[in-house]
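Computed from the coordinates by the stated procedures, all read-outs in this text should not be read as laboratory data. In this text, all values refer to a predicted model and were calculated from it rather than measured experimentally. Please note: Cβ atoms are built from the backbone with ideal geometry, for glycine as well, and neighbour counts cover all protein chains shown.
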Ligand code: MN
Ligand code: MN
């Protein structure tokens, strides 16, 4: 795969592909983003922020430089979303076939559609402000506003939970398909507490999970630099809790929709830290 990838490496990525447990790669693409583009710059912004984290975290009493992380660098940026999704599908398939855990740095959310095609045996947890449930948007079924709908087509009904929802069009809301995904609003999480949703989520997604974090699911106060910010979101620690709770059942992971040029530095650090929270709680 050499030559296909380029870019910086995550500081704790000390493993070669062959010996690794976790395989990081960037999917730099923001071609369908409707509002604040720039997520194609996110993978390296996360790597640079990560460099300011300690390699050790006492919360997990774990040293990430010993985790077995390989960083392949970034996929080539394709000119169309179809090509980008295909490219993500291919590389994620290779990683999963080798029984390693892919950690994809988007890019806009549409790249997740490529990954999920290799996880038909899994349930799915999505963190997102938006339901992403349009059948097509701006004439494109792979638009980043259609990710949950496309994932439903791959996985089937009652296997996906999307958490942090607070933006849905009436067209999406009134579709029959909408009831086939469990959308848990950020208000519901705030009212009942994050722990209250664990058993329901577990029942729906089962014990094999693909976990996708659209950074806009988190409140803009913690994660301001996203393509489509939406007020009244999840707390950073709510998302950490879910990542910790479900990491051992997670076989594929991504962080998407971070647009670095709108950042005050916090979004990049949070994205970098979430990678540690995922790996640290799996051990
Ligand atoms: Mn999304
Ligand atoms: Mn979103």
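Taken as Cα centroids, the stretch 106-121 and the stretch 161-180 sit 19 Å apart, rounded to the nearest whole angstrom. Which of rounded, prolate, oblate describes the stretch 82-157, given a ≥ b ≥ c as roots of the alpha-carbon gyration tensor eigenvalues and a/c under 1.5 marking rounded, otherwise prolate only if a/b is larger than b/c? Verdict is prolate for the stretch 82-157.
Percent of Cα-Cα pairs more than 17 Å apart in the stretch 106-145, please. Each step should come with its number before you reach the end.
On the way: 267 of 780 pairs.
For the stretch 106-145, the share of Cα pairs beyond 17 Å comes to 34 percent.
Evaluate the relative contact order of the stretch 2-280 (contact order divided by residue number), counting alpha-carbon pairs under 8 angstrom at least 6 apart; express in whole percent.
Numbers: 632 pairs, mean separation 62.8, N = 279.
Computed value for the stretch 2-280: 23 percent relative contact order.
Projected onto their three principal axes, the Cα atoms of the stretch 15-113 cover extents of 41, 31, 18 Å, largest first.
So between residue 16 and residue 135, what do we pick up on full extension, going 0.36 nm a residue minus the alpha carbon distance? Don't skip to the end; give the middle numbers.
On the way: separation 119, 0.36 × 119 = 42.84 nm, distance 3.98 nm.
The residue 16-residue 135 span can extend by a further 38.9 nm.
If the chain linking residue 94 and residue 237 were pulled fully straight, counting 0.36 nm for each residue of separation and taking away their Cα-Cα distance, it would gain 48.2 nm.
Expressed to the nearest 5 percent, the antiparallel share of DSSP beta bridges inside the chain is 15 percent. The mean sequence separation of alpha-carbon pairs under 8 Å and at least six residues apart, normalised by the residue count of the stretch 47-205, gives a relative contact order of 17 percent.
If you sort the three axes of the alpha carbon gyration tensor as a ≥ b ≥ c, you get a/c of 1.5 or more for the stretch 232-283 and a/b above b/c, which makes it prolate. Shown here are the Rg and Dmax of the Cα trace of the chain, at 16.9, 50 Å.
Which order do the peptides 47-55, 114-122 take when ranked by the mean count of other beta-carbon atoms within 10 Å per residue, highest first? Intermediate values should be presented prior to the final figure.
Working: 47-55: 16.3, 114-122: 20.7.
Going by the mean number of other Cβ atoms within 10 Å, highest first, we get 114-122, 47-55.
One decimal place: the segment residue 198-residue 79 gains 38.9 nm when fully extended, by the rule 0.36 nm per residue minus the C-alpha distance.
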